[in-house]
Amino acid sequence: MALEWTAAPGAARARVRSYRARGERVAFVPTMGALHEGHLSLVARARRNADRVVASIFVNPLQFNDPKDLRKYPRNLARDRALLGRAGVDLVFAPRAFYRKGHATQVVVSGLDRVLEGAHRPGHFTGVATVVAKLLHVIEPDQLWLGQKDAQQVAVIARMIADLDFPVRVRVAPTVRAKDGLALSSRNARLSESERAQAPALYRALRAGAQRLKRTHKAAAAERAMRGVLAEAKLLRVDYAALVDPATFTQPGRGARRGLLVVAARFPSARLIDNLPVRLGGAG
């Protein structure tokens, strides 16, 4: 079946409801475009686990606290459309404007919006939660596919879905990486050649932290190891390098078994984030 494309919320909702009326399961992959292999891996997983796959493309202004960052965000709808068509997506919802004039309603996920990424990007997660809530109301999917690379965003969305009783299952796919370990991201396209050569330091830092944690079971030791690797890379700035609880993004509690090593660093051309799930066994 040929790829369908619409900018109208009503048309997208009607098409998805026609799928569901036939008893077909619907998987949804939300994106901001500038697609890469990470996005396509989500589509492939969705394709294997549902009868229909819907994707969205919308560069959401509410989640950008820096207007310059919004203007610089890469856009290439023609390329994205071709990639999604080849990947087997059934329907793309690509609204040109998604907020009515005078839009005044936002979704706030308290707590997660004030730590780490929330602290460094004020208002970002409110923008994310608001647009995902709107998208879920339009698409009404059975499954929502998200990538592990944006782990705190996943936690925000999962909490919103649970708190507001959205009837959708959140599925999280592993981070897709380049051969040198760099997590794939639309922002990577903005890196200069020298910055791209430095960027794998984020993954090296995570691996160093994981190795130190395995030996010492100490969060502080793992964080020092990560910061040591990042310091050697001479990045513009390191925003954080920490061990956190994957649900709250605060320090893991005593006896916690699962943790997440997270890093964020700035280059002159872009800001990158990455993370690595770890087993704890009493880290503290």
Q | Computed magnitude of the charge dipole of the range 123-277 (debye, nearest 20; Cβ of K, R +1, Cβ of D, E -1) | A | 720
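For the range 1-102, what does the alpha-carbon gyration tensor say about shape, rounded, prolate or oblate, given a ≥ b ≥ c as the root eigenvalues, a/c under 1.5 as rounded, and a/b over b/c as prolate?
Values: a/c = 2.19, a/b = 1.43, b/c = 1.53.
Judged from the Cα gyration tensor, the range 1-102 comes out oblate (a/c at least 1.5, b/c at or above a/b).
Magnitude of the Cβ-charge dipole of the range 4-173, K/R +1 and D/E -1, about the Cα centre, nearest 20 debye? Before the final figure, lay out each step's value.
Details: 27 positive and 15 negative charges, 89 e Å.
Roughly 420 debye for the range 4-173.
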Q: Mind listing the long-range amide H neighbours of residue 240? Cut-off is under 5 Å, sequence gap 5 or more, other chains count too, H placed in the peptide plane at 1.01 Å from N.
A: 264
Q | Cut-off 14 Å (backbone N to label point 7 Å along Cα→Cβ of residue 106), residues of the range 38-82 | A | 61-67
**Q.** Candidate lysines - alpha carbon under 18 Å from residue 149, same-chain residues fewer than 8 apart omitted
**A.** 179
Q. Residues of the range 260-274 with amide nitrogen under 17 Å from the 7 Å Cα-to-Cβ point of residue 193?
A. 269
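Based on the Cβ-Cβ distance from residue 36 to residue 248, what FRET efficiency comes out when R0 is 22 Å, to the nearest 0.05? Write down the numbers at each step before the final one.
On the way: r = 29 Å, r/R0 = 1.32.
That pair, residue 36 with residue 248, gives E of 0.15.
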Q: Report, largest value first, the span of the C-alpha coordinates of the range 149-284 along each principal axis, in whole Å.
A: 45, 36, 24
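Using only C-alpha atoms and all pairs of different ones, pull out the Kirkwood radius for the chain in Å with one decimal.
On the way: mean 1/r = 0.0507 Å⁻¹.
Here the Kirkwood hydrodynamic radius works out to 19.7 Å.
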Q) Amide H of residue 33: which non-local residues (sequence gap of 5 or more, or other chain) have their own amide H closer than 5 Å, using H built in the peptide plane? A) 58
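No value in this document is a laboratory result; all are computed from the given coordinates. Since this is a predicted model, take the numbers as computed values, not measurements. Reconstructed Cβ throughout: ideal geometry from the backbone, glycine too, with neighbour counts over all protein chains shown.
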